[in-house]
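The values are calculated or read from the model by the stated rules, or taken from the named source; none is laboratory data. Small disclaimer: the values here were computed from a predicted structure and weren't measured. Cβ coordinates were reconstructed from backbone atoms using ideal geometry, including for glycine residues, and neighbour counts include every protein chain displayed.
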2 protein chains.
Amino acid sequence: MPKLKTNIVLGDSIKELKKLPANSVDLIFTSPPYADSRVKTYGGIKADKYVDWFKPYGKELLRVLKEDGTFVLNIKEKVVDGERHTYVLELILAMREMGWLWTEEYIWHKRNSFPGKWPNRFRDSWERLIQFNKNKRFKMNQQAVMVPMGDWANTRLKNLSKKDLTRDESKVGSGFGKKISNWLNKDMAYPTNVLHMATECGNKSHSAAFPENLPEWFIRLFTDEGDVVLDPFLGSGTTSKVAQRLNRNSIGIEILPEYYEIAVKSVKGK
Amino acid sequence: MPKLKTNIVLGDSIKELKKLPANSVDLIFTSPPYADSRVKTYGGIKADKYVDWFKPYGKELLRVLKEDGTFVLNIKEKVVDGERHTYVLELILAMREMGWLWTEEYIWHKRNSFPGKWPNRFRDSWERLIQFNKNKRFKMNQQAVMVPMGDWANTRLKNLSKKDLTRDESKVGSGFGKKISNWLNKDMAYPTNVLHMATECGNKSHSAAFPENLPEWFIRLFTDEGDVVLDPFLGSGTTSKVAQRLNRNSIGIEILPEYYEIAVKSVKGK
DNA sequence: GTTCCGCATGAATCGATAG
DNA sequence: ACTATCGATTCATGCGGAA
């Protein structure tokens, strides 16, 4: 296998994406700054301006993605003035006007959501994982994310330890591959479009917006080894780190120097 | 307590709703015919016409709902030509233009979703429960749907240290002020906006769109005993049946005679 | 070595208070 | 009136230290 590249770039994605060739990326997985959040670091995009802010990124991402590639966007709308704001709905409509297909919407059920109590709402315990594509046909390795029979939540995802990972990898990578269908139908089942994962806990050295399980699931599903994964809002580098671990090339772009530094360390520390 | 009314009506909701007084309903819970589904029975509303088809219903429902009432809409977009259709997103935007507030979106995670396999998507395992209101303030009985606490409480609350018994003063800058003694004797916690419920088994004579647990949860949450629950697309009568069991008055409207008959029997059978 | 327990903290939201 | 900041509320998680 040729040497893999894990490229971490400091800069704004609109500019940096222009340097990438068209049709060169297999999977885009990212979680852009949410409206009005991370105000101190990212400046806080206003909810009403969110779609306009995102559009140029959406356009460049459409250009760099391969024809059979996939774009997975992790996002959730805030409550503004007692209502869920509509910028995510409008974003989906705007993306379609741009030429993207809205193929699917996965739900990330966050088992440990932020606590709190309010007079007229409960804790928000889920986020959207919106799947966009350029064409109806795209690469999808469904068997790569199969799960042991039984409840998805109770078995694998409750505690996805390293032991679990190596065990699964050995199964997939071993000589059983020739007769996958044999054990496939007996021991494993296809997952659904609802993912149960805990957010990472704060007492780790650096907390990320999403747990490693999340990009891992989509990287396995939508790419092969040696493919190219892109995260245009890299943050602390989770996507790049996971891509590297799974033997995928990756490009991560981050505008803030402090996050960029964390991401670089996170990847090298591996 | 005055005698409860469980009113099942045969007819089209647009016409029948006009007979109801304004501001008379506490909760609307319904699952309208989805686009292109139930083609033989409902005539199959085309996805592209769905919003226009729904609007007049949305308008009448807005009129009959009390000022502190709630409208919960169970819906999920179909796949059309390889994409998720956007009629649900557009419906939310249209409802807001009509004067509804989009307060929240709950997820119904269907634990046993319909089996199946497709080349480019997994089983669809969730539906939307979209909450609309007329005002920011509405009736909500949060304690009525509390759930048992997780393991954490069992371990943590068993032995309260002396420190926990007195208020833990806010630590410098970042610490949460804790009042752990508040949690003493609490074995229940508030739920989140993700509901895990199995679909009903198919061994019933007529399959309902949703299990009884689903309307039950929202009826408990948004109404008191003696309140009025409305389902303008009653189907086989689940909403009315549950409302009756929970001592709520109810109005159920169904346009198809065969479903109407089933609903009437379902309620009388109680 | 295991298991158990204490602890900090998080893409949150609301209401009140202050400029 | 409109925005900015602050305090209060609440619970699952994983780490580290203790039993």
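Brief remarks on what is shown
- Any hit, region A:82-98, residues being farther than 17 Å from A:PRO32 by Cβ and more than 10 Å from every other protein chain (Cβ to nearest Cβ): yes
- Number of the exception - A:SER240 against (1) over 22 Å from A:LYS139 (Cβ atoms); (2) away from DNA strand D (no atom under 16 Å from the Cβ); (3) not hydrophobic (A, V, I, L, M, F, W, C): (1)
- Scanning region A:205-246 for residues that are in contact with an Asp or Glu (Cβ under 7 Å, 6 or more places away or on another chain), among the polar types (S, T, N, Q) and closer than 19 Å to A:ILE130 by Cβ yields a count of 3.
- Within region A:117-130, being in contact with a strand residue (DSSP E or B) (Cβ under 6 Å, 6 or more places away or on another chain), of a type outside the set (Lys, Arg) and within 16 Å of DNA strand D (Cβ to nearest atom) holds for A:PHE122, A:SER125, A:TRP126, A:GLU127.
- Selection status of A:LYS59, more than 20 Å from the chain's Cα centre (by Cα), more than 14 Å from every other protein chain (Cβ to nearest Cβ) and of a type outside the set (Ser, Thr, Tyr): no
- The residue list A:GLU104, A:GLU83, A:GLU97 contains one member that is more than 22 Å from the chain's Cα centre (by Cα) and away from DNA strand D (no atom under 16 Å from the Cβ), which is A:GLU97.
- For A:TRP102, the requirement of being under 17 Å from B:ILE107 (Cβ atoms) and either hydrophobic (A, V, I, L, M, F, W, C) or more than 9 Å from every other protein chain (Cβ to nearest Cβ) (or both) is not met.
- Leading residue by the ranking (farthest from DNA strand C (Cβ to nearest atom)) among those in region A:72-106 that are surrounded by fewer than 20 Cβ atoms within 10 Å (Cβ to Cβ) and of a type in the set (A, V, I, L, M): A:LEU101
Conditions tested, residue by residue: (1) hydrophobic (A, V, I, L, M, F, W, C); (2) over 17 Å from B:ASP12 (Cα atoms).
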| site | (1), (2) |
| --- | --- |
| B:LEU230 | yes, no |
| B:PHE233 | yes, no |
| B:VAL242 | yes, yes |
| B:LEU246 | yes, yes |
| B:ASN249 | no, yes |
| B:GLU254 | no, no |
| B:GLU258 | no, no |
| B:LYS268 | no, yes |
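- Residue that is at pLDDT below 95, away from DNA strand C (no atom under 16 Å from the Cβ), within 14 Å of chain B (Cβ to nearest Cβ) and more than 26 Å from A:GLU67 (Cβ to Cβ), where the choices are A:ASN159, A:ASN185: A:ASN185
- Criterion applied to B:TRP126, B:TRP118, B:TRP108 was being out of contact with any Gly (no Cβ under 9 Å at 6 or more places or on another chain) and either at the interface with another protein chain (Cβ under 7 Å from one of its Cβ atoms) or of a type in the set (A, V, I, L, M) (or both), and the one residue passing it is B:TRP126.
- Pairs where the first residue, in region A:110-122, is touching a residue at least 12 places away in the same chain (Cβ under 8 Å) and under 14 Å from B:LEU221 (Cβ atoms) and the second is within 8 Å of DNA strand C (Cβ to nearest atom) and of a type in the set (A, V, I, L, M, F, W, C), C-beta under 8 Å, 6+ apart: A:ARG121/A:VAL79
- The criterion of at least 3 residues that are in contact (Cβ under 8 Å) with a residue 40 or more places away in the chain and polar (S, T, N, Q) is met by the following helices (runs of 4 or more DSSP H) wholly inside region B:204-270: B:238-245.
- Selected residue (criterion: farthest from DNA strand C (Cβ to nearest atom)) from residues of region B:188-216 that are of a type in the set (S, T, N, Q) and at pLDDT below 65: B:SER205
- Answer from A:ASP52, A:ASP48 - the residue that is surrounded by fewer than 18 Cβ atoms within 10 Å (Cβ to Cβ) and more than 16 Å from DNA strand C (Cβ to nearest atom): A:ASP52
- Test: residue in region A:9-21 that is over 22 Å from A:ALA198 (Cα atoms), of a type in the set (Lys, Arg) and within 11 Å of chain B (Cβ to nearest Cβ): no
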